[in-house]
Amino acid sequence: KKGFAQIYWDIGYGFNEADSRKWMIWDSNYIVLEMDLPPNVKEIRFSPMKNECVAWIKGIYYMKSNGEKVNAQECLHNYKFSDGCKYDFTNTIDPQIIFNNIDDSYQKFIVEMSVNDMRKNKMVWAVRRSAGKIYHKLVAKHNSTKKEIAKYAYGQSRKVQIGVDANNLQTTQQ
């Protein structure tokens, strides 16, 4: 099963599958995604792949009708790390970058990139699984060596107090 990139646009109804476009992605291949923008777009959500991935993005920009390119400025994202070219989305299975402030003069939204599907990378999977096992063993070992000390609230010893109503006491004794 091949991965895919997806671009959503919000024209007032939020992001949804009906207002989106998908492209098939092959690992490490350079691709240019180009989409004509519908009128009244408020936001664009770009997902480089629908899995954990690392994307090398050469450029994300809008194109005006006269051919002028305007760099797109992201407003939200969920990548773990970015150096402006490499975007590390290994912390999520739903990577996304969101853009707003979209001018009505923009005709197209264009992304130039290549992407690696990290879920398919068996080495990454093996390292994460091993690290998880080691972590859980260390936590279990640490928790088993902890001394449990029972302390009462405010550092005072517990006393059991029984309240007795004098009227009930006389009735009970009779």
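Suppose we filter Asn116, Asn168 for residues that are at pLDDT below 90 and closer than 30 Å to Lys22 by Cα; which single one remains?
Asn116
Taking strands (runs of 3 or more DSSP E) that do not extend beyond region 20-109, which have at least 2 residues that are of a type in the set (A, V, I, L, M, F, W, C)?
20-25, 31-36, 43-47, 53-64, 74-77, 97-99
Which of the residues that make up region 75-109 are open to solvent by 70 Å² or more (accessible area, probe 1.4 Å) and closer than 26 Å to Ile11 by Cβ?
Scanning region 75-109 gives Leu76, His77, Asn101, Asp103, Asp104, Gln107.
For region 7-48, how many residues are on the phi < 0 side of the Ramachandran plot, of a type in the set (S, T, N, Q) and either open to solvent by 70 Å² or more (accessible area, probe 1.4 Å) or in contact (Cβ under 8 Å) with a residue 12 or more places away in the chain (or both)?
3
Are any residues in region 49-74 among the polar types (S, T, N, Q) and either open to solvent by 90 Å² or more (accessible area, probe 1.4 Å) or within 13 Å of Lys108 (Cβ to Cβ) (or both), and if so, which ones?
Those that are among the polar types (S, T, N, Q) and either open to solvent by 90 Å² or more (accessible area, probe 1.4 Å) or within 13 Å of Lys108 (Cβ to Cβ) (or both): Ser65, Asn66, Asn71, Gln73.
The values are calculated or read from the model by the stated rules, or taken from the named source; none is laboratory data. Keep in mind that this is a model prediction, so the values were computed, not measured. As a convention, Cβ positions derive from the backbone with ideal geometry for all residues, glycine included, and neighbour counts pool all protein chains shown. Ligands, DNA and RNA are excluded from the accessible area calculation, which covers all protein heavy atoms including side chains. Shrake-Rupley method; radii C 1.70, N 1.55, O 1.52, S 1.80 Å.
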